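Participant: Below is one structure. I have some questions about it.
The values are calculated or read from the model by the stated rules, or taken from the named source; none is laboratory data. A quick note: this is a predicted structure, and the numbers were derived from the prediction, not measured. Ideal geometry is used to build each Cβ from the backbone, glycine not excepted, and the neighbour counts take in all protein chains shown.
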Amino acid sequence: MSTSITEDDEDVSRRDVILITAGGFAGVLGVASIWPLLDQMNPDSSAQALATTEVDLSHMERGQAITVMWRGKPIFIRYRTDDEVAAGKDVPLSELPDKVARNANLPDDAPATDENRAAEGKEPWLVMIGICTHLGCIPDGQAPGSNKGEFGGWFCPCHGSQYDTAGRIRKGPAPENMAIPPYAFTGDTKIKIG
Amino acid sequence: MAHQSTYQPSSKLGAWFDERLPIPRMVHGQFIDFPTPRNLNYWWTFGGILVFCLAVQIVTGIVLAMHYVASPDHAFNSVEAIMRDVNWGWFLRYTHAVGASMFFIAVYIHAFRGLYYGSYKAPREVLWMLGVLILLLMITTAFMGYSLVWGQMSFWAVTVITNLFSSLDMLVPGLGTTLVQWIWGGYAVGGPTLNRLFALHYLLPFVIAGVVLLHIWALHIPGNGNPAGIDVRLKSDSLPFHPYYTIKDGFALVVFLLLFAGFVFYAPNYLGHPDNYVPANPLQTPPHIVPEWYFLPFYAILRAIPNKLIGVAALFGAIAILFFVPWLDRSKVRSTTYRPVFKWFFWLFVADCLMLGYLGSQMPEGIYVLLSRLGAIYYFAFFLVVMPVVGMFEKPKQLPGSITEAVLGKEAAAKAEASA
């Protein structure tokens with residue numbers, strides 16, 4: 001440099017402002033630029049768009065169960081017999097490991113009664129996400145003759161969780177009842193999931 | 001690094017290069033005349049074997065990636081095409097798949113060697129912790145690689161393992177689900193999941209290679225431990241790494257390769273699971289899902305605990321606890337050979353890990369659950385109770401005066417002392 005700057009010439013406070021502002025902006029932008037790198041991994045719009053499925057249930061008979069796909073997940077639909085409904089109703093709430101209905105169509109704290117698990121006003125119909133709440137396996141019990149477990153509902157082969165006829169966890173490592181997706185009957189024998 | 005190189009460039013070009021980038025000097029100092037304890041046994045050859053394993057996985061992995069298609073519709077078929085159509089594809093894939101198992105055989109032997117001979121004790125704590133980090137990276141990489149086949153076991157392994165994180169819902173409602181959907185890139189394991197697993201499976205081996213370099217660096221500061229667990233003191237306590245240990249490591253590697261080749265050529269699927277030759281089906285969980293053999297002890301610990309969150313915590317804790325071993329063991333004596341009480345607990349621990357491995361492969365019912373619980377309790381008690389307590393009360397045996405004495409006896413050691 002051609003001219004030397006002495007201590008007196010330095011505008012120290014102005015330098016601080018420049019340093020703090022520059023450093024601050026660089027820091028904020030640096031942190032903000034991490035967000036796109038993280039958020040790119042989240043489900044994108046195309047995954048979210050596949051969010052509703054319509055199912056025709058007119059062919060189903062009492063005691064029959066079918067599995068349909070919704071958002072890449074299996075949905076168990078069971079048209080329960082009167083015995084299965086009665087078995088679900090007979091259980092006192094105090095015997096359930098998970099006392100909440102886990103029904104997306106009801107308030108979060110709705111109790112896990114058979115009525116709250118089943119379709120509104122159509123208690124024989126049970127519609128739920130067929131994924132074990134332990135580690136995500138698909139429980140057995142849909143097909144005729146498959147293992148329905150000790151409680152006549154579903155049995156998870158991975159780690160031995162047992163569900164009753166209302167899809168509620170009764171025994172084993174799973175912490176929650178199988179979840180009920182948001183759905184509604186759009187006709188007598190038609191439902192829309194999602 | 002601690003040891004000064006005695007490298008003398010043999011040509012003018014060598015001298016010119018040495019002044020600018022002294023790589024030959026480093027290699028000479030660290031891998032040719034590096035002073036190595038004279039009493040290393042064959043358990044010390046697994047470090048070299050592991051470097052070989054990593055190299056095999058990287059080389060076979062890169063060429064397999066030239067033929068693999070990371071998409072749910074094509075992944076399984078592209079693996080079958082590698083097996084049937086690609087020139088030498090069967091050999092490359094079987095080497096890569098068996099190679100993963102051989103890598104774990106070697107790393108477990110290497111880790112138990114470290115536990116038995118107290119290789120984690122001062123001044124080698126960082127060396128040990130880098131080793132645990134490599135193990136953790138290996139576990140992650142192997143899991144991701146197994147998922148790429150996109151067979152039934154692949155798919156359900158990904159489902160179960162990613163769902164481990166959903167246990168966080170029990171701490172903060174919604175946190176686990178959000179995290180799992182972020183990992184999946186959807187509402188279930190699918191195409192986005194497979195793609196990111198492939199990207200990371202390609203990346204992590206190079207991260208491992210980097211940490212391996214740090215591991216070797218940290219080894220070359222204090223130098224090798226040894227079966228007597230005492231420091232190198234006399235000149236006659238050590239030998240140059242080359243030719244003494246290049247030959248010994250080389251011989252061990254050849255024997256290891258016999259086993260490796262035996263699996264690749266005669267029993268390539270022995271260590272795998274037949275269900276992984278069934279294409280992934282998101283609507284059908286196989287009746288009995290098991291991880292690869294090298295994860296079975298950890299899997300048994302997970303299943304031993306009836307509470308989901310605590311089970312997952314125990315699974316991760318079983319590996320995390322290894323980071324603290326240098327401070328959990330209170331004994332000043334390194335080698336278990338001179339520890340008459342700890343020795344029993346050590347071999348019981350080895351047996352416990354083998355038992356947990358067997359239990360992890362069985363259905364979670366009846367006596368197997370009880371044994372898994374006992375096994376899991378001893379696994380943690382070994383680190384949290386045995387290591388601190390035995391170290392405080394045990395009376396160790398008399399250590400040899402020097403490595404020379406441990407190998408050649410007192411008379412020769414006395415001569416060496418006199419000349420020193």
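Participant: Provide a single number: the residues in the stretch B:26-55 that are out of contact with any strand residue (DSSP E or B) (no Cβ under 8 Å at 6 or more places or on another chain) and not hydrophobic (A, V, I, L, M, F, W, C).
Facilitator: 9
Participant: If you don't mind, there's one more thing I want to ask. Any residue in the stretch B:228-242 that is crowded, with 21+ Cβ neighbours inside 10 Å, away from chain A (no Cβ under 14 Å) and of a type in the set (Asp, Glu)?
Facilitator: yes
Participant: Any chance you could count how many residues in the stretch B:112-135 are assigned to a helix (DSSP H, G or I) and over 19 Å from B:Trp217 (Cβ atoms)?
Facilitator: The qualifying residues number 4.
Participant: Looking at B:Phe251, B:Phe206, which is the one that is surrounded by fewer than 14 Cβ atoms within 10 Å (Cβ to Cβ) and closer than 24 Å to B:Thr337 by Cβ?
Facilitator: B:Phe251
Participant: Another question about this same structure. Which residues, counting only those in the stretch B:379-392, are under 23 Å from the mean Cα position of the chain (by Cα) and either in contact (Cβ under 8 Å) with a residue 60 or more places away in the chain or surrounded by fewer than 20 Cβ atoms within 10 Å (Cβ to Cβ) (or both)?
Facilitator: The answer is B:Tyr379, B:Phe380, B:Ala381, B:Phe383, B:Leu384, B:Met387.
Participant: Look through the stretch B:338-372, keep the residues that are of a type in the set (Ser, Thr, Tyr) and surrounded by fewer than 18 Cβ atoms within 10 Å (Cβ to Cβ), and return whichever of them is farthest from B:Tyr108 (Cα to Cα).
Facilitator: Per the stated criteria, the residue is B:Ser361.
Participant: Given the conditions (1) under 30 Å from B:Glu292 (Cβ atoms); (2) in contact with a helix residue (DSSP H, G or I) (Cβ under 9 Å, 6 or more places away or on another chain); (3) not in a helix (DSSP H, G or I), which single one is not true for B:Tyr378?
Facilitator: Going through (1) under 30 Å from B:Glu292 (Cβ atoms); (2) in contact with a helix residue (DSSP H, G or I) (Cβ under 9 Å, 6 or more places away or on another chain); (3) not in a helix (DSSP H, G or I) one by one, B:Tyr378 breaks only (3).
Participant: Could you grab me the full set of residues in the stretch A:158-171 that are buried (at least 24 other Cβ atoms within 10 Å of the Cβ), in a loop (DSSP other than H, G, I, E, B) and within 14 Å of chain B (Cβ to nearest Cβ)?
Facilitator: A:Cys158, A:Ser161
Participant: All but one of (1) surrounded by 14 or more Cβ atoms within 10 Å (Cβ to Cβ); (2) at pLDDT 95 or above hold for B:Lys397; state the number of the condition that does not hold.
Facilitator: Only one criterion is unmet by B:Lys397, namely (1).
Participant: Could I ask something else about it? I'd like the full set of residues that are farther than 19 Å from B:Leu204 by Cβ, part of a helix (DSSP H, G or I), out of contact with any helix residue (DSSP H, G or I) (no Cβ under 8 Å at 6 or more places or on another chain) and among the hydrophobic types (A, V, I, L, M, F, W, C), limited to the stretch B:44-97.
Facilitator: If the condition is that a residue be farther than 19 Å from B:Leu204 by Cβ, part of a helix (DSSP H, G or I), out of contact with any helix residue (DSSP H, G or I) (no Cβ under 8 Å at 6 or more places or on another chain) and among the hydrophobic types (A, V, I, L, M, F, W, C), then B:Phe76 is the only one that fits.
Participant: Also, quick follow-up: What do you reckon, is B:Gly375 within 14 Å of chain A (Cβ to nearest Cβ), crowded, with 21+ Cβ neighbours inside 10 Å and under 24 Å from the mean Cα position of the chain (by Cα)?
Facilitator: So B:Gly375 fails the test.
Participant: Can I ask one more? Among the residues of the stretch B:153-210, how many are at the interface with chain A (Cβ under 9 Å from one of its Cβ atoms), within 23 Å of the chain's Cα centre (by Cα) and among the β-branched types (Val, Ile, Thr)?
Facilitator: Going through the stretch B:153-210 one residue at a time, the tally reaches 3.
Participant: Would you pick out the residues in the stretch A:172-191 that are within 14 Å of another protein chain (Cβ to nearest Cβ) and of a type in the set (A, V, I, L, M, F, W, C)?
Facilitator: A:Ala174, A:Met178, A:Ala179
Participant: Filter the stretch A:30-59 down to the residues that are among the acidic types (Asp, Glu) and under 30 Å from A:Phe185 (Cα atoms), then identify the one that is nearest to the other protein chains (Cβ to nearest Cβ).
Facilitator: A:Asp44
Participant: Follow-up question, since we're still on this one. Please go through (1) in contact with a helix residue (DSSP H, G or I) (Cβ under 9 Å, 6 or more places away or on another chain); (2) outside any helix (DSSP H, G or I); (3) touching a residue at least 40 places away in the same chain (Cβ under 8 Å) for B:Thr337 and return the number of the only condition it doesn't satisfy.
Facilitator: Against the list (1) in contact with a helix residue (DSSP H, G or I) (Cβ under 9 Å, 6 or more places away or on another chain); (2) outside any helix (DSSP H, G or I); (3) touching a residue at least 40 places away in the same chain (Cβ under 8 Å), B:Thr337 comes up short only on (2).
Participant: Looking at B:Ala106, B:Ala97, which is the one that is out of contact with any Gly (no Cβ under 8 Å at 6 or more places or on another chain), in contact (Cβ under 8 Å) with a residue 24 or more places away in the chain and of a type outside the set (D, E, K, R)?
Facilitator: Only one candidate passes the filter, namely B:Ala106.
Participant: Looking only at the stretch B:262-294, count every residue that is more than 14 Å from chain A (Cβ to nearest Cβ) and within 20 Å of the chain's Cα centre (by Cα) and tell me the total.
Facilitator: Total satisfying the criteria: 6.
Participant: Could you check B:Gly229 against (1) of a type outside the set (Lys, Arg); (2) over 25 Å from B:Leu137 (Cβ atoms); (3) outside any loop (DSSP other than H, G, I, E, B) and say which number it fails?
Facilitator: The one condition B:Gly229 does not meet is (3).
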